[in-house]
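Read through the structure below, which is laid out as structure tokens, and then see the notes.
Read-outs: derived from the displayed coordinates by stated rules, not from any lab. In this text the structure is predicted, and so the values were computed from the model without any measurement. Note that we place each Cβ from the backbone using ideal geometry, even for glycine, and neighbour counts take in every protein chain shown.
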Amino acid sequence: MSIETVPELVREIYAIVAKLEAAFPGRHFTPDGHLVGSLGEVLAAHYYDLELMPASVVAHDATTRDGRHVQIKATQVDRVALRADCDWLLVLTLDAQGGFDEIYNGPGAPVWAAAGRMQSNGQRSISLSKLRALNSAVVDGDRIKQAR
């Protein structure tokens, strides 16, 4: 299986979600959690030429070819949650067609500084609108370049 199969598999997941939601009105079967996170990680690894670290490494999910450590966050809602400060951060929103939009691409420190206070679950959240604003201040040299 290759990365090219991901969009079709994502479309199949969302077709199943639509069937479940039609069968059980009022219930939501939105893919989230580990599924969305893992999809974001494999898409980012492919499109940004990243080397994924083993799952559940604290603060970072991948490394760039030039050795930068990157945390990858993927979401389908209006915010992401962070457990730790990171060197570089890549935040993506996933769509039902297997694609993504880049919301933030740059150093992690400004995001960590702007995130909300630590919650009882050990996470600090930040909205996508705040991430977009922070992203507009990132200079091109601080972005992880897309390879594909």
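Structure data summary
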| quantity | calculated |
| --- | --- |
| DSSP-defined antiparallel bridges as percent of all bridges, region 31-140, nearest 5 | 70 percent |
| Inter-label distance, nm, simple model (7 Å from Cα along the C-beta direction), E8/V58 | 4.2 nm |
| Semi-axis lengths, Å, the chain, gyration tensor of Cα atoms, sqrt of 5 times eigenvalues | 26, 19, 14 |
| Tail fraction, Cα-Cα pairs, region 1-68, threshold 19 Å, whole percent | 46 percent |
| Value at 222 nm in deg cm²/dmol, rounded to 500, when DSSP H runs of n ≥ 4 in the chain each add -39,500 (n - 2.57) | -9500 deg cm²/dmol |
| Distance (nanometres) between label positions extended 7 Å along Cα→Cβ at H69 and A147 | 2.1 nm |
| Value in Å of the Kirkwood radius, where region 47-119 supplies the Cα pairs that are averaged | 12.9 Å |
| Distance-filtered residues of region 12-53 - backbone nitrogen under 13 Å, label point 7 angstrom along A96 Cα→Cβ | 12-22, 29-31 |
| Angle between the chain longest axis and helix 34-47 axis [Cα atoms, degrees, rounded to 10] | 60 degrees |
| Candidate lysines - alpha carbon under 29 Å from K130, same-chain residues fewer than 8 apart omitted | K73, K145 |
